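Working notes, beginning with the structure itself.
The values are calculated or read from the model by the stated rules, or taken from the named source; none is laboratory data. Small disclaimer: the values here were computed from a predicted structure and weren't measured. A quick note on method: Cβ atoms are made from the backbone with ideal geometry, for glycine too, and the neighbour counts reach across all protein chains shown. Only protein heavy atoms, including side chains, enter the accessible area calculation; ligands, DNA and RNA are left aside. Shrake-Rupley method; radii C 1.70, N 1.55, O 1.52, S 1.80 Å.
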Amino acid sequence: MKRKGFIFDLDGVIVDTAKYHFLAWQKLANSIGVEFTHEQNEQLKGVSRVKSLEKILNWGNITLDNEEFTGLMAKKNEDYLLHIEKMDASEILPDVPRVLELLEKEKQGIALGSASKNAEVILQKVHLIQKFSAIIDGNGVTKGKPDPEVFLNAAKALSIAPENCIVFEDATAGIKAANAANMISIGIGDASVLHEADYVFKDFTEISSDFIQELIKK
């Protein structure tokens, strides 16, 4: 059986930290007089903290100097960290452990490819960090998704060619990045949003063990 690389995004794929990002961004936006909706939050999925704040400032037609910008980014992260401090294994999304255990049993390469700079902290909180052979997060890349850098770095860390890697993503930017990296892209979420993915499933409960085995054999 071939050794493939299975690369997972974090937010919205392994755990639902999107709700905590929303609350932290909403608090920040409101503090500078910008309304922040769930629809706008969708546009920040898979996007770096810098780019996300730039979008919010653009929506409010606000200009800040570097010091103010850096201060707001730090404040958002502090609020977000207060939320994830309380996380535990109960926040792992349905059937993620089953898929990880199957891949581990089949001796496949397992990596994380996330824009989050708090990825390791979250994986430790939910007791999954030991499942990943490589963790590539926002601390180790210079280009955010849809640039494929994070996934290419993950493939390199696994010593597996990009064309032999499979990416699980919940964001359009992530799907574009996986496709640009010449990897199989699997969308987790809404098919109408993630239509550029090779496959789309509502969540991991829809992904059968047979489907995973077929991916390994390809």
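Descriptive notes on the structure:
- One residue from Ile188, Ile216 being closer than 18 Å to Pro97 by Cα, in contact with a Phe, Trp or Tyr (Cβ under 8 Å, 6 or more places away or on another chain) and open to solvent by less than 60 Å² (accessible area, probe 1.4 Å): Ile188
- Of all the residues in the range 73-88, those that are open to solvent by 50 Å² or more (accessible area, probe 1.4 Å) and not charged (D, E, K, R) number 3.
- Top-ranked residue in the range 1-45 [being acidic (Asp, Glu) and in contact with a Ser or Thr (Cβ under 6 Å, 6 or more places away or on another chain); ranked as nearest to Ala134 (Cα to Cα)]: Asp9
- Scope the range 195-212; condition over 15 Å from Phe8 (Cβ atoms) and touching a residue at least 24 places away in the same chain (Cβ under 8 Å); matching residues: Glu196, Thr205, Ser209
- Subset of the range 17-35 [open to solvent by 50 Å² or more (accessible area, probe 1.4 Å), assigned to a helix (DSSP H, G or I) and not hydroxyl-bearing (Ser, Thr, Tyr)]: Lys19, Leu23, Gln26, Lys27, Asn30
- Contact annotation: residue pairs with Cβ atoms under 7 Å, 6 or more positions apart or on different chains, pairing a residue in the range 109-129 that is over 23 Å from Val47 (Cβ atoms) and in contact (Cβ under 8 Å) with a residue 40 or more places away in the chain with a partner that is open to solvent by 50 Å² or more (accessible area, probe 1.4 Å) and part of a loop (DSSP other than H, G, I, E, B), are Gly109/Arg3; Gly109/Ser133; Ile110/Ser133.
- Per the listing Lys51, Lys55, Lys75, the residue uniquely farther than 20 Å from Gly12 by Cα and in contact (Cβ under 8 Å) with a residue 40 or more places away in the chain is Lys75.
- Ile14 vs. criteria among the β-branched types (Val, Ile, Thr) and within 30 Å of Ala157 (Cα to Cα): yes
- First in the range 78-106 and at negative phi, second anywhere and open to solvent by 40 Å² or more (accessible area, probe 1.4 Å) and among the polar types (S, T, N, Q), Cβ under 6 Å, 6 or more apart: Pro94/Thr205; Leu102/Ser209
- Residues in the range 54-71 that are closer than 24 Å to Gly113 by Cβ and either open to solvent by 100 Å² or more (accessible area, probe 1.4 Å) or touching a Cys at 6+ places or on another chain (Cβ under 8 Å) (or both): none.
- For the range 89-134, filtering for residues that are in a loop (DSSP other than H, G, I, E, B), modelled with pLDDT of 95 or more, open to solvent by 60 Å² or more (accessible area, probe 1.4 Å) and not small (Gly, Ala, Ser) leaves 3.
- Matching option when the condition is surrounded by 14 or more Cβ atoms within 10 Å (Cβ to Cβ), modelled with pLDDT under 95 and touching a Leu at 6+ places or on another chain (Cβ under 9 Å), among Lys51, Lys45: Lys51
- Number of residues in the range 135-164 that are open to solvent by less than 30 Å² (accessible area, probe 1.4 Å) and among the small types (Gly, Ala, Ser): the value is 3.
- Residue match in the range 171-180 (condition: touching a Phe, Trp or Tyr at 6+ places or on another chain (Cβ under 7 Å), of a type outside the set (S, T, N, Q), open to solvent by less than 30 Å² (accessible area, probe 1.4 Å) and within 22 Å of Lys218 (Cα to Cα)): yes
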